[in-house]
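Below is one structure, written out as structure tokens; the observations come after it.
Values quoted throughout were computed directly from the atomic coordinates according to the rules given, and no laboratory measurement underlies them. Predicted, not measured: the structure shown is a model, and the values here were computed from it. Positions of Cβ are backbone-derived with ideal geometry, glycine not excepted, and every protein chain shown enters the neighbour counts.
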Number of protein chains: 2
Amino acid sequence: MIILGIDPGTATTGYGLVTEDEAGEARLVRCGVITTAPGVPMPERLLAIHRELTALIRDYAPDAVAVESLFFGRNVTTALTVGQARGVLLLAAAQASLPIYEYKPAEVKQALAGYGAADKRQMQEMVRILLDLDDIPRPDDAADAVAVAVCHLHSARLQRLIDGAG
Amino acid sequence: MIILGIDPGTATTGYGLVTEDEAGEARLVRCGVITTAPGVPMPERLLAIHRELTALIRDYAPDAVAVESLFFGRNVTTALTVGQARGVLLLAAAQASLPIYEYKPAEVKQALAGYGAADKRQMQEMVRILLDLDDIPRPDDAADAVAVAVCHLHSARLQRLIDGAG
């Protein structure tokens, strides 16, 4: 099973591809960011994000996509902008008939660090430890995308245990 | 010249295709709405919107796309949802290499009704008169999409006059 975690944004969209080894441990396949320049018109930026996500899905054939559910407080402009990037990523997943799972930030923290109020550094360190990496994935958006992918792996494993016990 | 006006939303996306006749008068080619059911998951709804817009662009080969620029006040949830639909429509236009023009609501009102504070009924009546229709386009989202397409036709004509006089 390969999970594609995505942290959407128009300037920077983080992605992380995570799989399980034979022992059931999470392992990093690849992570990175899709960046678009601020001066480029929005439609072209969305086109670049869609194209690169579609290529990742084609090349790595993930079984599912995981994203953080969003909460913006009162920032309407950010909500609109991130909504546009998010629309394009949901479309790319739907076009590939991939299931999409959403996790609240606190759920991702709970799954990785064991408590829902873990801070950014603690989360990044947990990503490094859980995936047995020498260094924390960089930049932050890539690490966030890896984290939500690992969260889904854990959730899917738990679901299999529940199903198996049923 | 054919203009595709779009009024994006995840439940209902209005569209209006408008052209000019030989006398330079705006004429309606087609208008309608793309609707998606509330119970359907968001990725599938975005897929339906993208697929139908892509089909309209393929079938009618518009020269440009016109949309209203958005303002939501404080409604962050609406901004995120409409942002997702908007991302998909900007993508469909960019994939067809179509230029996209944005107009503020007051600009659309100014262009059609002559003043920026026209109300919804006045706007719909102006759409009917300008396009020489027997009835107001229905539903409202289709009429709104037609209005922004007509706004762009007017704006493009003005630009040609300015360029010609230069």
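General remarks:
- Phi-derived couplings, Karplus 6.51 cos²θ - 1.76 cosθ + 1.60 at θ = phi - 60°, listed residue by residue for region B:88-104: 5, 6, 5, 5, 4, 5, 5, 5, 9, 6, 8, x, 10, 10, 10, 10, 5 Hz, with x used for Gly and Pro.
- Dividing the helix sum by the residues of the protein assembly as shown, where each DSSP H run of 4 or more adds -39500 (n - 2.57), gives a mean residue ellipticity at 222 nm of -17000 deg cm²/dmol.
- For the peptide B:45-56, the mean number of other protein chain Cβ atoms found within 10 angstrom of a residue's Cβ is 3.
- Residues with amide H under 5 Å from that of A:E20, placed H, sequence gap 5 or more: A:R27
- B:D21-B:D163 FRET efficiency (beta carbon distance; Förster radius 25 Å; 0.05 resolution): 0.70
- Normalised contact order of chain B, rounded percent, pairs of Cα under 8 Å and 6 or more residues apart: 32 percent
- Highest mean packing first, where packing is the average number of other Cβ atoms within 10 Å per residue, the peptides B:14-21, B:1-8 line up as B:1-8, B:14-21.
- The alpha carbon convex hull volume per residue for region A:1-141 rounds to 114 Å³.
- Two-site FRET efficiency, B:R121 against B:A37, from Cβ-Cβ distance with R₀ of 30 Å, rounded to 0.05: 0.55
- Over the protein assembly as shown, volume per residue of the alpha carbon convex hull, in Å³: 155 Å³
- Point-charge dipole on Cβ atoms (K/R +1, D/E -1) for chain A, about Cα centre, debye to 20: 500 debye
- Antiparallel content of DSSP bridges confined to the protein assembly as shown, in %, to 5: 65 percent
- Restricting region B:37-81 to trypsin sites (Lys or Arg not before Pro) that sit in a DSSP loop and have at most 10 other Cβ atoms within 10 Å of their own Cβ leaves B:R74.
- Residue-wise HN-Hα couplings along region A:2-10, as the Karplus relation 6.51 cos²θ - 1.76 cosθ + 1.60 with θ = phi - 60° gives them from phi, are 10, 10, 9, x, 9, 10, x, x, 7 Hz; Gly and Pro carry x.
- Two-site FRET efficiency, A:S97 against B:D140, from Cβ-Cβ distance with R₀ of 25 Å, rounded to 0.05: 0.15
- HN-Hα J in Hz across region A:47-56 - Karplus 6.51, -1.76, 1.60, θ = phi - 60°, x for Gly and Pro: 4, 5, 5, 4, 5, 6, 5, 4, 5, 4
- About the centre of its Cα atoms, the protein assembly as shown shows a dipole size close to 420 debye [charges on the beta carbon of Lys, Arg (+1) and Asp, Glu (-1) only; nearest 20 debye].
- Since only A:H50, A:T78, A:A37 are under comparison, the one whose Cα sits farthest along the positive direction of the charge dipole of region A:32-90, derived from C-beta charges on Lys, Arg, Asp and Glu, is A:T78.
- Contact order, relative form, for region A:99-166: 28 percent (alpha carbon pairs under 8 Å, 6 or more residues apart, mean separation divided by residue count).
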